[in-house]
Amino acid sequence: MDHYYHAKDLAKFGDMGKDAPELWQKFSEWYGAVFKEGALSEREKALIALAVAHAVQCPYCIDAYTTASLEKGSTPEQMTEAVHVAAAIRGGASLVHGVQMRNHVDKLSM
Amino acid sequence: MALPTLLNTRNPLADSVTQRDTLGALSLACGFGDALARVGRAPLHADRISVLQINVGKRCNQSCRHCHVDAGPDRTEVMPPDVVDACLRFLDANDIPTLDITGGAPELHPSFRDIVRRARSLGRHVMDRCNLTITRLPNYADLPEFLAEHRVEVVASLPSFGARQTDAQRGTGVFEDSIAALRRFNELGYGVQGSDLLLNLVTNPVGAFLPGPQQALEADWKRELHRKFGISFNRLYTITNMPISRYLQYLIDSGNLQDYMDKLVAAFNPSAVDGLMCRSTLSVGWDGRLYDCDFNQMIDLRTAVDSPQSILTATAAGLASRRVTVGPHCFGCTAGSGSSCGGALT
């Protein structure tokens, strides 16, 4: 195995149930229920998943929820904005930790 | 600027046999007939003819990248007068409530308006599958008024409520012209609340993926088209792109053919079978040949050999419960929510 990520491996996701079928079944049922239309539409949930996929940098999820977002009717413009939201939160999360840095600077400085 | 057609560029896929061979050479999890058999629906039969769909020719002012007809400005096929007469005789002689006129751009047929008048005088509901931009050409600027006068249902193609995706599929500038056309239809009462003039939109995915949920998308589209452009319409029909002709070429060029076909097969939905349009539609080619649907027509899969083959000699009795001719492309109509000329099936 000369690469850690293979696009075809996404189709093997179900293999995770081979040695823990009960846990896999619970996960699958919960996962399926999460993405059903509720207070949020399926399209909105797919867009959230797409943004989160970028935040957690999961290539499988990015492929899966790019397809899902298109198939639920999102446009590339909406999907790009969703990724910017994820990037802004990631960037903001780093930056807001700067307050901790400044607090510590204040504590140590005259 | 319209793209050249497959025929004009001498692309091998302009030949229907090459298209069928290309699909037949794919390794799929099962054939369409096998998929039907597994759910007890093989062989597939029509159960009535409620729509006579006539393809009056392949000429079009556009040449969209997904076109299953390989239509375009350079195509010359036009339904001749004797076939037009035979279609209208068939309509008159049988209890078929709807005439669905398609193409190409059907309005380019020299007898389009005469066909509409004659079908309406027979009391039939008439549908015009309109590409919208035809109404922006000087010689066809009065088309919306004509359609309104004759209470013709307009089924208009618009893949996206955004310009970039629409133009990517249908050609530069198509979105802007389409919006102008829709505004004109709205001015005449089409798609407006309280009016009986029907304006339905058709969206095909702009790429190698399945269409979204029709009902949810319709709500999004109504909100967005009204918010951005003040446009209203009646229904949104989501239609799956068929792996035929120029869309087949696109799938090959983009390296998506096998994955797309696998996706269609995996998404086979038995509950879509009942509503398949081949079960209630008779499709007539420009030359009078008969098919189970417009897609079969484009890959020259004709009605079953024991059924009538031409509108010139056909009787409805010999066609109403005919066996339907199927192929791998039929998975496009049973995938997910199902797909037909009237949108999703489930």
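In summary, B:Glu145 fulfils each of the numbered conditions (1) surrounded by fewer than 19 Cβ atoms within 10 Å (Cβ to Cβ); (2) farther than 30 Å from B:Ile96 by Cα with the single exception of condition (2).
Where in segment B:91-204 are there strands (runs of 3 or more DSSP E), lying fully within it, with 1 or more residues that are within 14 Å of chain A (Cβ to nearest Cβ) and either touching a residue at least 12 places away in the same chain (Cβ under 8 Å) or touching a helix residue (DSSP H, G or I) at 6+ places or on another chain (Cβ under 8 Å) (or both)?
Numbers: elements: B:98-102, B:125-130, B:153-157, B:199-203.
Ranges flagged: B:199-203.
Does segment B:225-239 hold any residues that are surrounded by fewer than 24 Cβ atoms within 10 Å (Cβ to Cβ) and among the β-branched types (Val, Ile, Thr), and which are they? Scanning segment B:225-239 gives B:Ile231, B:Ile239. Of the helices (runs of 4 or more DSSP H) lying entirely inside segment B:228-346, those containing at least 1 residues that are closer than 22 Å to B:Thr203 by Cα and within 18 Å of the chain's Cα centre (by Cα) span B:245-253, B:294-298, B:331-334.
In segment B:298-312, the qualifying residues are those that are out of contact with any His (no Cβ under 8 Å at 6 or more places or on another chain) and under 12 Å from B:Gly327 (Cα atoms), and the one that is surrounded by the most Cβ atoms within 10 Å (Cβ to Cβ) is B:Leu301. When segment A:1-53 is filtered for residues that are within 18 Å of the chain's Cα centre (by Cα) and among the aromatic types (Phe, Trp, Tyr), the ones remaining, listed by number, are A:Tyr5, A:Phe13, A:Phe27, A:Trp30, A:Tyr31, A:Phe35. The set of residues in segment A:22-37 that are outside any helix (DSSP H, G or I) and either more than 14 Å from chain B (Cβ to nearest Cβ) or surrounded by 11 or more Cβ atoms within 10 Å (Cβ to Cβ) (or both) comprises A:Phe35, A:Glu37. Is there a residue being touching a Ser or Thr at 6+ places or on another chain (Cβ under 8 Å) and more than 14 Å from chain B (Cβ to nearest Cβ) anywhere in segment A:9-21? Scanning segment A:9-21 turns up at least one residue that is touching a Ser or Thr at 6+ places or on another chain (Cβ under 8 Å) and more than 14 Å from chain B (Cβ to nearest Cβ).
Inclusion of B:Leu210 among residues that are under 21 Å from B:His125 (Cβ atoms) and within 14 Å of chain A (Cβ to nearest Cβ) is not warranted. Cβ-Cβ distances below 7 Å connect the following pairs, each with a first residue in segment B:234-250 that is over 29 Å from B:Arg10 (Cβ atoms), a second residue that is among the aliphatic types (A, V, I, L, M) and assigned to a helix (DSSP H, G or I), and a separation of six or more residues or different chains: B:Leu236/B:Leu217; B:Thr238/B:Leu217.
Bear in mind these aren't lab numbers, they're just calculated from the coordinates by the rules spelled out. Computed from a predicted model, the values in this text were never measured in an experiment. When we count neighbours, we look across all protein chains shown, and the Cβ atoms used for this are built from the backbone with ideal geometry, even at glycine.
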